[in-house]
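Q: Quick one: the structure is below, questions incoming.
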Amino acid sequence: MRTQVATLHAELVRYNLVAWTAGNISGRIPGEDLFVIKPSGVAYDELTPENMVVCDLDGNLVEGDHAPSSDTAAHAYVYRHMPEVGGVVHTHSTYASAWAARGEPIPCVLTAMADEFGGEIPVGPFALIGDDSIGQGIVATLEGHRSPAVLMQNHGVFTIGKDPKAAVKAAVMCEDVARTVHVARQLGEPLPIKPEHIDHLYDRYQNVYGQRSPR
Ligand SMILES: [Zn+2]
């Protein structure tokens, strides 16, 4: 898990989702009440499996030479309250954060959004760093929602997945659709997709699309 989480941070850079050190990934250690997360303030180029940090589900440091990411409390809160989640990603990616700055959900106007998010990408409450309020906002918004991404108002994006890679994919797709819908808005009002079509697309993508697993 240390290797997975360290390696995946390169994807945040590759897809232009982060500036400086402002973005982080974590991964739950299967079968344990522990997760691996980025160390605070360490440059992406310097991340290695060894300098990743292990925390318990209250966000306390269990193993590592560095302090954990300043967003650790939010990641920990998600793992405590959403047992199905195995990976969490946080970024301030530009277009998604622009929607967050307006407190505006991204409407489902692209089939790719219906596929990945099953509807609009919702907005979570304004919350200050330092206690559980960011985590509470993420969980309250995403519980019972199909979207694996939430735009935290005036802040940025948090995504969840069954593992860290799935959460990274959701962060990449979130920025991609945030950008396209933003561009579409410049020349008019994007057309909504009917709810029954969204359901159909979501079901197909989640259950049928892709390579069949080998027997
Ligand atoms: Zn942030």
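Q: Looking at the range 191-215, which of its residues are of a type in the set (A, V, I, L, M, F, W, C) and in a helix (DSSP H, G or I)? Quick ask: steps written out before the conclusion?
A: Keep residues of the range 191-215 that are of a type in the set (A, V, I, L, M, F, W, C), which gives 191, 193, 198, 201, 208.
Residues satisfying the conditions are I198, L201.
Q: Shifting gears a bit: Among the residues of the range 14-41 satisfying the criterion of being among the hydrophobic types (A, V, I, L, M, F, W, C) and within 16 Å of the ligand (Cβ to nearest atom), which is surrounded by the fewest Cβ atoms within 10 Å (Cβ to Cβ)? Walk me through it before giving the result.
A: Our first condition is that a residue be among the hydrophobic types (A, V, I, L, M, F, W, C); within the range 14-41, this holds for 17-20, 22, 25, 29, 34-37.
Still in the list and also within 16 Å of the ligand (Cβ to nearest atom): 17-20, 22, 25, 37.
Values: L17: 25, V18: 20, A19: 12, W20: 9, A22: 15, I25: 30, I37: 25.
Among them, the one singled out is W20.
Q: Go through the residues of the range 100-122 one by one and say whether even a single one is under 22 Å from A19 (Cβ atoms) and aromatic (F, W, Y).
A: Checking the range 100-122: not a single residue is under 22 Å from A19 (Cβ atoms) and aromatic (F, W, Y).
Residues checked against (1) in contact with a strand residue (DSSP E or B) (Cβ under 9 Å, 6 or more places away or on another chain); (2) of a type outside the set (F, W, Y); (3) more than 24 Å from E175 (Cβ to Cβ):
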| residue | (1), (2), (3) |
| --- | --- |
| I37 | yes, yes, no |
| V42 | no, yes, no |
| L47 | yes, yes, no |
| E50 | no, yes, yes |
| G59 | yes, yes, yes |
| A74 | yes, yes, no |
| V78 | yes, yes, no |
| V89 | yes, yes, no |
| S97 | yes, yes, no |
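Q: Could you pull out every one of the strands (runs of 3 or more DSSP E) wholly within the range 6-76 that has 1 or more residues that are hydroxyl-bearing (S, T, Y) and closer than 29 Å to D176 by Cβ? Spell out the reasoning first.
A: Values: elements: 23-28, 34-37, 53-56, 61-63.
Because the criterion is at least 1 residues that are hydroxyl-bearing (S, T, Y) and closer than 29 Å to D176 by Cβ, the strands (runs of 3 or more DSSP E) in the range 6-76 that meet it are 23-28.
Q: Exactly one of (1) within 16 Å of the ligand (Cβ to nearest atom); (2) farther than 30 Å from E196 by Cβ; (3) of a type outside the set (F, W, Y) is unmet by A100. Its number?
A: Condition not satisfied by A100: (2).
Q: Can you confirm whether K194 is out of contact with any Ser or Thr (no Cβ under 8 Å at 6 or more places or on another chain), more than 23 Å from G103 (Cα to Cα) and either touching a residue at least 40 places away in the same chain (Cβ under 8 Å) or surrounded by 16 or more Cβ atoms within 10 Å (Cβ to Cβ) (or both)? Working first, answer last.
A: Details: out of contact with any Ser or Thr (no Cβ under 8 Å at 6 or more places or on another chain): yes; more than 23 Å from G103 (Cα to Cα): yes; either touching a residue at least 40 places away in the same chain (Cβ under 8 Å) or surrounded by 16 or more Cβ atoms within 10 Å (Cβ to Cβ) (or both): no.
Answer is no for this residue.
Q: I'd like the full set of residues that are more than 18 Å from G59 (Cβ to Cβ), buried (at least 19 other Cβ atoms within 10 Å of the Cβ) and within 13 Å of the ligand (Cβ to nearest atom), limited to the range 122-144. Step through it out loud before you land on a result.
A: Just the residues of the range 122-144 that are more than 18 Å from G59 (Cβ to Cβ), to begin with: 122-126, 140-144.
Filter again for buried (at least 19 other Cβ atoms within 10 Å of the Cβ), leaving 123-124, 141-142.
The answer is G124, and nothing else.
Q: Residues to consider are V168, V177, V208; find the one that is closer than 21 Å to E104 by Cβ and either surrounded by 15 or more Cβ atoms within 10 Å (Cβ to Cβ) or not polar (S, T, N, Q) (or both). Even if it seems obvious, please write down each step before you answer.
A: On the way: V168 fails: closer than 21 Å to E104 by Cβ; V208 fails: closer than 21 Å to E104 by Cβ.
Criteria check complete, one pass: V177.
For (1) within 16 Å of the ligand (Cβ to nearest atom); (2) in contact with a Gly (Cβ under 6 Å, 6 or more places away or on another chain); (3) open to solvent by less than 70 Å² (accessible area, probe 1.4 Å); (4) among the small types (G, A, S), each residue gets a yes or a no:
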{"site": "C55", "(1), (2), (3), (4)": "no, no, yes, no"}
{"site": "D58", "(1), (2), (3), (4)": "no, no, no, no"}
{"site": "E63", "(1), (2), (3), (4)": "no, no, no, no"}
{"site": "A73", "(1), (2), (3), (4)": "yes, yes, yes, yes"}
{"site": "H81", "(1), (2), (3), (4)": "no, no, no, no"}
{"site": "G86", "(1), (2), (3), (4)": "no, no, yes, yes"}
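Q: Taking only pairs six or more apart or across chains, which ones have beta-carbon atoms under 9 Å, a first residue in the range 25-49 that is at positive phi, and a second residue that is surrounded by fewer than 17 Cβ atoms within 10 Å (Cβ to Cβ)?
A: Matching pairs, first to second residue: G41/H66; G41/A67; G41/S70.
The values are calculated or read from the model by the stated rules, or taken from the named source; none is laboratory data. For clarity, every value in this text was computed on a predicted model and none was experimentally measured. Cβ coordinates were reconstructed from backbone atoms using ideal geometry, including for glycine residues, and neighbour counts include every protein chain displayed. SASA here: full protein model, heavy atoms, side chains in, ligands and nucleic acids out. Shrake-Rupley method; radii C 1.70, N 1.55, O 1.52, S 1.80 Å.
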